[in-house]
Amino acid sequence: MQITVLAGGVGGARFLLGLRAHARSLPEHPHLTAIVNTGDDAWLAGLRITPDLDSIMYALAGVNDTGRGWGRVGETERVSAELNAWGVGWPWFTLGDLDLGAHIARTSWLREGLPLTEAVRRLTARWELGVELLPATDDEFETHVLVDSDVIEGGELHFQEWWVRFRATVEARGFVQQGTATAAPGVADAIATADLVLLAPSNPVVSIGSILAVPGVHEALATTSAPIVGVSPIINGAVVRGMADACLRAIGVETDAAAVALHYGARAAGGLLDGWLVDESDTAALPALESAGIRARALPLFLRDETLGAAVAAAAIELAQS
Ligand code: FO1
C-alpha cells in the first residue's frame, strides 16, 4: 500500500510523525512518500536553505527543536554570530551550527551538479525516517509575497522575509512563485501510483498551494485513481500554528475549516478533495461539505502528540477506504 502526502513544514512534520506511527501499527506497513514544499527555500550566505524539507527531516529523525518547530535540538549559534558580525545573510534568520552542516552538505552536492532530489536522498539516508521525502521540484521556484510598494520598496518580499522578519504583519496582496519549474522526478509517479493521497494540515496557501503551483502536480492529482483526503489546518476558526490566516485573507478565503476545503474544491466538481477531516469543534461544517460533494468527518485534530496524529492518519485512511 502506497500513501503519498503533500506537506509543508511544521504542520506537515507533526502529521507525518503520526502517520508513520500509524503505518507501523498496520500489518502491511504501507510505503509513505511525502512531497514537500520548496517555495520557502532561499539562497543565504551562499548556501541553499530548504526549511520545510529540513523541518520534516529533523522531526522524523528525532533531532528537531520541538519548541521552535524548526532547526536542530541542542543547537548553538557560534557561526551565525560571526556571519552577523560581517553582515552576511539575514540577521533576523538564524542559521544554527548543526543546521549549517545540512546546508553546507546540500550546497556542496548542488554545486557538484546533483539535483535537490539527490541531495535530499543523501541527507535523509543518515536516518531511518520511515518516510521517503521528495522535493516538489528540483527547480528554484520560490514563493514571493506581493505587498504595497508604498510600504516595501518594489512591492515584493521573499516569503521568509515576510514570514520571519515582518511576521506577516505587512499586508499580503498575493503570493507568486518566481521562475519556472517542473515536478521533481518521482513526484507525478508517487501521486499516480498511490493508493491514497493525503493533504497534511499545512498552510493551504504557501505550503500546499506552492506545491500545487508546480506544473504537473495538479494534473497528477486530477488523474490519479487514489482517493484524496485532506486534514484541516484550521480548528474552530483559528490557525493551529503559524500565520495561515494572513495568507488565506490575502486570497480571499475565510479562516474556516469548511472554507479551506471548498477552496481546494470537491473532486467531483473539478477540485482536489474526495474527503476532508475537521476538528470536532467544527462538526457544524459537515453538512455543507457533504452537500459540496466532499465526504467529511469530525474528530480531535489538534496534533498534540504522535498518538493523536496516528488517530488522524487512521481516520483519513478509513475515510478514503469508505
Ligand atoms: N523561523 C524563525 O521564525 N526565525 C528564524 O530565525 C528561522 C531560521 C530558520 C533557519 C532554517 C530553517 O530551515 C528554518 C528557519 N526558520 C526560522 C523557520 C522557517 O521560516 C519556517 O520553517 C518555514 O519556512 C515556514 O514554514
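The values are calculated or read from the model by the stated rules, or taken from the named source; none is laboratory data. Everything numeric in this text was worked out from a predicted model, so none of it was measured. Counting neighbours? That spans all protein chains shown, and the Cβs are built from the backbone with ideal geometry, glycine included. SASA here: full protein model, heavy atoms, side chains in, ligands and nucleic acids out. Shrake-Rupley method; radii C 1.70, N 1.55, O 1.52, S 1.80 Å.
Numbers for the structure displayed
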item	result
Loop chymotrypsin sites (Phe, Trp or Tyr not before Pro), the range 129-177, which have at most 14 other Cβ atoms in a 10 Å radius of their Cβ (DSSP)	none
Exposed GluC sites (Glu not before Pro) absent: longest stretch of the chain, with sites in DSSP loops and at most 12 other Cβ within 10 Å deemed exposed	129-322
C-alpha center-to-center spacing [the range 1-78, the range 163-204] in angstrom	14
Where only C-alpha atoms are counted, convex hull volume of the chain per residue in Å³	126
For the range 126-134, Karplus couplings with θ = phi - 60° (6.51, -1.76, 1.60), whole Hz, Gly/Pro x	5, 10, 8, 6, x, 9, 7, 9, 10
Karplus (6.51, -1.76, 1.60) ³J(HN,Hα), θ = phi - 60°, over the range 53-64, in Hz, Gly and Pro reported as x	4, 5, 4, 6, 4, 5, 5, 5, 7, x, 10, 8
Angle in degrees between helix 10-25 and the longest Cα principal axis of the chain, rounded to the nearest 10	50
Taking the range 1-73 and dividing mean pair separation by its residue count, relative contact order in percent (alpha carbons under 8 Å, at least six apart)	33
1.4 Å probe accessible area per residue over the chain, in Å²	41
Ellipsoid semi-axes in whole angstrom, largest first, where each is sqrt(5λ) of the Cα gyration tensor of the range 41-135	22, 17, 10
Semi-axis lengths, Å, the range 142-258, gyration tensor of Cα atoms, sqrt of 5 times eigenvalues	28, 19, 10
Phi to ³J(HN,Hα) by Karplus 6.51 cos²θ - 1.76 cosθ + 1.60 over the range 229-243, Hz, x for Gly, Pro	10, x, 10, 5, x, 10, 10, 6, x, 9, 6, 6, 7, x, 10
Contact order normalised by residue count of the chain, Cα under 8 Å, 6+ apart, percent	20
With every protein chain in place, the chain: carbon and sulfur % of accessible area (1.4 Å)	53
Over the range 165-322, relative contact order from alpha-carbon pairs under 8 Å, at least 6 apart, %	20
Largest to smallest principal axis extent of the C-alpha atoms in the range 1-63, angstrom	46, 21, 16
Binned Cα-Cα distances of the range 172-211, short to long, each 10 Å bin given as a whole percent	22, 45, 28, 5
